[in-house]
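A short write-up of the structure that comes next.
The values are calculated or read from the model by the stated rules, or taken from the named source; none is laboratory data. This structure is a prediction, so every number in the text was calculated from the model and none was measured. Here the Cβ positions follow ideal geometry from the backbone for every residue, glycine too, while neighbour counts run over all protein chains shown. We work out accessible area using only protein heavy atoms, side chains counted, and drop any ligands, DNA or RNA first. Shrake-Rupley method; radii C 1.70, N 1.55, O 1.52, S 1.80 Å.
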Amino acid sequence: MYELPKQIMNFKLNDYVGILTAGGPAPGLNATIQAFVYAAYENNIGVIGFHDGYLGVLERNFSILVPEALDPNRTHISSINKVNVMGVSGIIDKPGSILRNSRTNLMKIQGGIERAKQVTEELKLKALACLGGDDTLAVAIELHKQGVHVVGAPKTIDNDVMGTDYCFGFDSAINAVAKFIRSLMYDAKSTNGVLVVETMGRRAGWIALEGGAAGGAHAILIPALYRAKVEDKDLYPELEEYRNMDFNVDSVVEIIKRRLNRGKRYTIICVAEGYTDEILEKIIEKESKDIPKDEFGHTRLDKLGVAKIVADYIAEKLSIRTRAIQTGYLSRTTATSAFDAYMSINYGIHLLQLIQQGKYGKMVAMEASQFVIKDLSVAVGKIRYVQPWRFKNISKFWSWTLTG
Ligand code: F6P
């Protein structure tokens, strides 16, 4: 097995830790990696980055990460003992992940967890930091149960990981969606059309609500509106107010009608990719039937295209021009916002502190604007839906714009 170097440039290294990024890419991953690596070397800890998420662990596919890949004569270093070396300086604002991501699910691979454990032991890693959403953190929990020292940080543009108020990547995504909608407004106004803008967000509607509202959308459809009525009430008491709400695609048709009556012949609707309701449910089920699922059993919502289903429904109801736009992947690789870069740097620093404190099986989380430590287990088993008060506030705003 490969022996990791005890000295790199001027750094005498007592230990090594591993880091990986998995699931969908999100702005902030590289800023987290940069901060984590800087903090590690500051404490004489070397870092290896596994490529392609958990797949890189199985395949022993990694690079040595260093603050700057320059030797004392400031000559570029590309490898040490035939292992690739990557410098992390200057990646703070870079979207995506320099390590690459995958949705490899170790729990679905025969002996996957055990083999990954073996690799971390062979490399004598002090710990493994996993950056990802609930699926990625669920695998980390299994590794932890098998005795691997894991720590995690909540990364997803969906902002739907339980146990934290904020997942890095979200702010960048809503900034992108707001920008798209503001541009699309000119198309709608110039064509007297109804544009239905679909956002990512899987089962939660954070991107649609906050990106849609900030962009000036005239109505927004999020999964919680209907999911609250079908989810287990005891598991989701926080969704109670939605159960008394009656807002669905027909409510959107009414909003468009009222706008038309007021001479506003253009409308932008923002819909979360995971949206459904009692009216569209049958159509969506039928359309989803043959759509492939990913390694964690999620339907490929990009192939479903709920915006088109909503647009077709509105066109049929009102005999007006409608168009559907999917913004998903564009919002996921948009520029890293200042807020995300700042949050990610802190997530990276706190991750290394968890390792130094030996707090394994834990994740760094944000709660009431404080970075806190939570058990990884809080991140799985439930979806962090948009709270009812947030939807209610924004829906009030739409009705006011109508009377304004
Ligand atoms: O989880 C992040 C996310 O971007 C979701 O919003 C989206 O549904 C999914 O990933 C898309 O997955 P993939 O990268 O497999 O197409």
Length-normalised contact order of the chain, Cα under 8 Å, at least 6 apart, in percent, tallies to 22
Could you tell me the relative contact order of segment 1-69? Use alpha-carbon pairs under 8 Å, at least six residues apart, and round to a whole percent. 32
Of 54-65, 358-369, ordering from highest average Cβ density within 10 Å down gives 54-65, 358-369
Surface share of carbon and sulfur [accessible, 1.4 angstrom probe, percent] for the chain: 51
Assign unit charges at the C-beta atoms only (+1 for Lys and Arg, -1 for Asp and Glu), then state the dipole size of the chain relative to its Cα centre in Debye, rounded to the nearest 20. 860
Between Ser89 and Gln387, take the C-beta separation as r, use R0 = 35 Å, and let me know the FRET efficiency to the nearest 0.05. 0.35
Under 5 Å, built H, 5+ apart or other chain: amide partners of Glu198: Val271, Ile325, Gln326, Thr327
Given the options Ile48, Ile98, Ser63, identify the residue whose Cα lies farthest towards the positive end of the charge dipole of the chain (+1 on Cβ of Lys, Arg; -1 on Cβ of Asp, Glu). Ile98
Net lengthening on full extension, Leu70/Phe397 (0.36 nm per residue, minus Cα-Cα): 112.3 nm
Tell me the relative contact order for segment 66-121 as a rounded percent, counting alpha carbon contacts under 8 Å between residues six or more apart. 24
May I ask for the angle, rounded to the nearest 10°, between helix 29-42 and the longest principal axis of the chain, with both axes built from Cα atoms and the value confined to 0 to 90°? 30
Place a +1 charge on the Cβ of each Lys and Arg in segment 165-247 and a -1 charge on the Cβ of each Asp and Glu, then give the dipole magnitude about the Cα centre in debye, rounded to the nearest 20. 380
Checking rank on 104-110, 235-241, 91-97, with mean other Cβ inside 10 Å and highest first, the result is 91-97, 104-110, 235-241
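Count the net charge of all other residues whose Cβ sits under 11 Å from the Cβ of Gly169, scoring Lys and Arg as +1 and Asp and Glu as -1.
Details: positive: Lys155, Arg332; negative: Asp158, Asp171, Asp340.
Net charge in that neighbourhood comes out at -1.
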Quick check: the distance between the Cα centres of segment 33-62 and segment 80-156, to the nearest angstrom? 8
Where only protein heavy atoms count, and the probe is 1.4 Å, what is the accessible area per residue for the chain in Å²? 42
Sum up the charges of everything whose Cβ sits under 10 Å from the Cβ of Gly297, counting Lys and Arg as +1 and Asp and Glu as -1, but leave Gly297 out. -1
Report, in listed order, any pair from Lys257/Lys392; Lys94/Lys126; Lys264/Lys317; Lys257/Lys282; Lys229/Lys396; Lys94/Lys155 with a Cα-Cα distance greater than 23 Å. Lys94/Lys126; Lys257/Lys282
Sorted by chain and number, the residues with a modelled amide H under 5 Å from that of Thr267, at a separation of 5 or more or across chains, are Gly193, Val194, Leu195
Helix 306-318: inclination vs the chain longest Cα principal axis, degrees, rounded to 10, gives 10
Identify the residues of segment 46-64 with backbone N under 19 Å of a label point that sits 7 angstrom from the Cα of Asn81 along the Cα-to-Cβ direction, or state none. 46-51, 57, 59-64
Pop the C-beta distance of Leu330 and Arg182 into the FRET formula with R0 = 22 Å and round what comes out to the nearest 0.05. 0.95
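Take every DSSP beta bridge with both residues inside the chain and express the antiparallel ones as a percent of the total, to the nearest 5.
Approximately 30 percent, going by the DSSP bridge assignments.
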Around Ile80, which amide H atoms from residues at least 5 apart in sequence, or from another chain, sit under 5 Å from its own amide H, with H modelled in the peptide plane? Val85
Nearest 10 degrees is fine. How inclined is helix 112-122 to the longest principal axis of the chain, computing both from alpha carbons? 30
